[in-house]
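> A single structure is presented below for examination.
The values are calculated or read from the model by the stated rules, or taken from the named source; none is laboratory data. Every value quoted in this text rests on a predicted model; they were computed, and no experiment measured them. Ideal geometry is used to build each Cβ from the backbone, glycine not excepted, and the neighbour counts take in all protein chains shown. In case anyone asks, the SASA skips ligands and DNA or RNA and just uses the protein heavy atoms, side chains included. Shrake-Rupley method; radii C 1.70, N 1.55, O 1.52, S 1.80 Å.
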Amino acid sequence: MRLCPDLGTIETASEGMMVAARPDFNCDRFFFRGLHPLVSLGTASDRYAGWIGQIYAQGRYDRQITKRTNRVGEKSFPEQVLPVSSVAEYFEHFSILEIDYTFYRPLLDETGKPTRTFHVLAGYRDYMAGEDFLFLKVPQFIFAQRLRRGKSYVQNPQFLDVRAFLEQFYRPAEELLGANLKGFIFEQEYQRRDARIPVEDLAESLDKFFSALPRDSRYHIELRTEYYLREPLFRVLAKHGIGQVLSHWTWLSPLTKQFAKADHRFFNAANQQVVRLMTPMGMRYEEAYARAHPFDKLQTDMLQAGMIKDTVELMLTSVSRGVAINVIVNNRAGGNAPQIVQLISKEFMVRQEQGVSR
């Protein structure tokens, strides 16, 4: 039985116009680039050996796989990592990729010297074509009010440091990636009640920060504290043309409810929307990682059906309004990101076909 319907028999609707299915889409074989002209699908990180036989060819990287141990919480997990060159094959299947490791270290250090992160990213660039695009997570020391140090959190003295962002990240990223750079994701950490500041104060700080930056429609903000999803923040997004990242994550409400809090508005000046599927709601990072590892198959007991439904609803809404939507899927959202993308693609096609039939 085929997992996905045959897209060759389906026409899709965008802005009231029929759009023919593209030949570079094959849901069963994990080729997702041609699903819809306004839909880009990809994953958060890549190079997982668990994706061999799905995204990566059997036997191609056998002698190049690196083994390492990743400690998550109190447990250690063996990992097998494919070489950087595998990104060329990744982009045969997906059009976008979120780079996560830039969250932990900038591209240049304080003296202007390229970091290890810079060199790894440069390696990626060497295997990318003109229509392959990256989203980069902005280093946490730029956008986190507090940073974890050991088992506690401390105030971040470089929070919203304009100079650090521009010199250590933004400018080198532009120079390194050029047109392959599709977006910057500013992820703010979850804040407990005793760590929150008034919404108006955060909005004022963000307004000053983005007013000092080059005007750029590639900025997207993910606020992981529900308390901040309020009008003062939305006014800042609208003023600067910054996208609101809708994230399926541990302590956030469902995707469509986050969208409703913003009165169903798209804020990005370039008509780009980012949706990130990170973890099941109510499930901590450590548990999600442990249950998803080694990321080679769906874990149906952790996959939340509402996540698929809400994602497709957002895709349909954005397409109907001429907004390009970028859906980024993490393995921790349900065990295996490529198979989650399959489910999303299948549901999107079915819903499109139903809409055309009517």
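> Could you say whether any residue in the range 83-93 is touching a strand residue (DSSP E or B) at 6+ places or on another chain (Cβ under 9 Å), hydrophobic (A, V, I, L, M, F, W, C) and either in a helix (DSSP H, G or I) or open to solvent by 40 Å² or more (accessible area, probe 1.4 Å) (or both)?
Yes.
> In addition: Go through the range 95-108 residue by residue and tally those that are assigned to a loop (DSSP other than H, G, I, E, B), open to solvent by 50 Å² or more (accessible area, probe 1.4 Å) and not basic (K, R).
So the answer is 1.
> Turning to a different aspect of this structure: Scan the range 146-196 for residues that are of a type outside the set (S, T, N, Q), in a loop (DSSP other than H, G, I, E, B) and within 21 Å of the chain's Cα centre (by Cα) and jot them down.
E189, Y190
> Can you tell me which residue in the range 193-213 is nearest to G241 (Cα to Cα), limited to those that are modelled with pLDDT under 95 and surrounded by fewer than 12 Cβ atoms within 10 Å (Cβ to Cβ)?
Per the stated criteria, the residue is R193.
> If you don't mind, there's one more thing I want to ask. Looking at the structure I just gave you, is K75 basic (K, R) and crowded, with 19+ Cβ neighbours inside 10 Å?
Taking the combined requirement at face value, the residue does not satisfy it.
> Would you point out the residue of the range 109-129, among those that are polar (S, T, N, Q) and in a loop (DSSP other than H, G, I, E, B), that is surrounded by the most Cβ atoms within 10 Å (Cβ to Cβ)?
Within the range 109-129, the match that is surrounded by the most Cβ atoms within 10 Å (Cβ to Cβ) is T115.
> Please name all residue pairs, on different chains or six or more residues apart, with Cβ atoms under 7 Å, provided the first residue is in the range 262-285 and is among the polar types (S, T, N, Q) and the second residue is surrounded by fewer than 17 Cβ atoms within 10 Å (Cβ to Cβ) and in a loop (DSSP other than H, G, I, E, B).
Close Cβ pairs (under 7 Å, with a partner that is surrounded by fewer than 17 Cβ atoms within 10 Å (Cβ to Cβ) and in a loop (DSSP other than H, G, I, E, B)) amount to N268/S217; N271/G322.
> Would you check which residues across the range 175-188 are among the charged types (D, E, K, R) and more than 18 Å from I242 (Cα to Cα) and list them?
Listed by number, the list holds a single entry, E175.
> Give the residue, chosen from A179, A144, that is crowded, with 19+ Cβ neighbours inside 10 Å and either free of Cβ contacts under 8 Å to residues at least 60 places away in the same chain or in contact with a strand residue (DSSP E or B) (Cβ under 9 Å, 6 or more places away or on another chain) (or both).
Result of the check over A179, A144: A144.
> Given the options S318, S247, name the one that is among the hydroxyl-bearing types (S, T, Y), buried (at least 20 other Cβ atoms within 10 Å of the Cβ) and under 29 Å from G53 (Cα atoms).
After applying the criteria, what remains is S247.
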